[in-house]
Amino acid sequence: MARRRRADDAEGMEKSEADGPGIRVASAAGRWVVLTTVLGSSMAMLDSTVINVALPRIGEDLGTDLAALQWTVNAYMLTLAGLILLGGSLGDRYGRRRVFVVGVVWFAAASLACGLAPNAAVLIAARALQGVGGALLTPGSLALIQASFHPDDRARAVGLWSGFGGVGAAVGPFVGGWLVDGPGWRWVFLLNLPLAAVCVPVALRHVPESRDPHAHGRFDVVGAVLGALALALVTYALIAAPGRGASPVVIGAALGGVALGVAFVQVERRRADPMLPPSVFASRQFTAVNVVTLCVYAALGGYFFLSAIQLQVVAGYSALGAGAALLPTTLLMLLFSAASGELGQRIGPRVPLTAGPLIAAGGMLLMLRVGPGSGSVTGYLTDVLPAVAVLGAGLVTVVAPLTASVLASVDTARAGLASGINNAAARAAGLIAVAALPLLAGMGPDAYRDAGEFAATFRRAMPMCAGLLVLGALIAWSTVRRPSEPGAEAARRPECAVHCGVTSPPLEPAPETVRPETTG
């Protein structure tokens, strides 16, 4: 049996130096590669989708205020958004499998620290470390597939990765709610340990190493640090403002964040190999689509953060009930995003990128119906389900064409860079929204403990989220056109359809990474 398994692996990995990697999906080796990448990406994805459901219980158990809950979400997004481009470059240079495995181990260790955290400060610090691990493993997941499989099987392999990832996204809030109501919120993080225990040995044994032979050792560490610090200071100012007001510390943090942001732009303009090349924004279409991305994912970040708390604190749902209540949005994306991508390819991106945010805005406004009477079956059917279904329809319409438009707006050689920038922009938008919305809506430090106070501020926050979506729609209608560049075929790629679309666009490695120098 073992001899036959080794033979299957050898057959699956047969290649010539001219053809590059040659693993076939139907081989045992191919199945191992898909399993590894799905397990790795699922770790980062699950923590992104289930954490909101756990927030009220975390706050109650650790005795924290709303600001600590905001940091529990944002500490992860901050390091992930700031370092994700650097993580992809490290994989290209030092080996995608190596960096991926380091990311999985790092993420698991940080998850253990989260699960054992005795107080909010330790939890927030561990979440920041989780984001570092996520920045190492997230770009490597899809890059490993692109680098390992035979060219004829790459689309099928990515489709499997995307499909299983979509299933994971769909069940994530449900599983998270079950864990929070059952063994406790700490198991939301501890669940990553068995996933890592399977993923790491499988990766080391069955996934071939690959790297970009043209990659160099010059990394834009200064740019990454400046960008992350700028986001951190602005985020701190927004979260601290409700409690401290316009204190010197808050104003200083805000001004310092803006100053570091300006310094980041200047560094990127002058570096020979910048993390964020300014030249990529010469494409008006690319710039416009990224502005739309900022609007859409800022609205989504605020919506998912607040709605999970609203369902539990105000409507009386359990954590499991809140996770299940939000499930239709992800299910609709899982079922129909691929078809939406094909439609966007036929009619162009302008209509989907305009109609989708407007429909999603309608769903967010329908969430205003959710209140104390929405906890019953009838309340769910009349108040919650219409809102999450309309929101899901809007996301189905916009997410796949949005990602495809990013890839189509630049030349093919820069597709990986373009998608990485778009992914980082989406995460940064969610980060700022989670920090800013409670301030703008007037939420006090203990608002989530009082159903009446939280409901009142929720009613002020949802129209703001909807307004961001309407702004995105207006920008799309006035600036986005059907691209003529060769990258337009990206809309037909399965990875543009579903994977992680609720929390961020999927990552697309650069085309040159699919012809790497491969080692055992």
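Nothing in this text is a laboratory measurement; each read-out follows from the coordinates by a stated rule. This structure is a prediction, so every number in the text was calculated from the model and none was measured.
Sorted from largest down, what three extents in whole angstroms do the Cα atoms of the range 25-209 have along their principal axes?
If we take the Cα atoms of the range 25-209, the spans are 54, 31, 23 Å.
Considering amide H positions built from the backbone, and no H for Pro or chain starts, which residues 5 or more places from S210, or on another chain, come under 5 Å of its amide H?
R96, R97, R98, T519
Please list, short to long, the whole-number percent of alpha-carbon pairs of the range 220-274 in consecutive 5 angstrom bins beginning at zero.
That works out to 4, 24, 25, 17, 12, 8, 6, 2, 0, in percent per bin.
Give the span of the range 352-401's Cα atoms along each principal axis, as three whole-Å numbers ordered largest to smallest.
Projected onto the principal axes, the Cα atoms of the range 352-401 cover 36, 15, 10 Å.
Provide the per-residue ³J(HN,Hα) series for the range 425-437, in order, calculated from phi with Karplus coefficients 6.51, -1.76, 1.60 and θ = phi - 60°, each as a whole number of Hz, with x at glycine and proline positions.
Per residue, the Karplus-derived 3J(HN,Hα) values read 5, 4, 5, 5, 5, x, 4, 5, 5, 4, 6, 8, 4 Hz.
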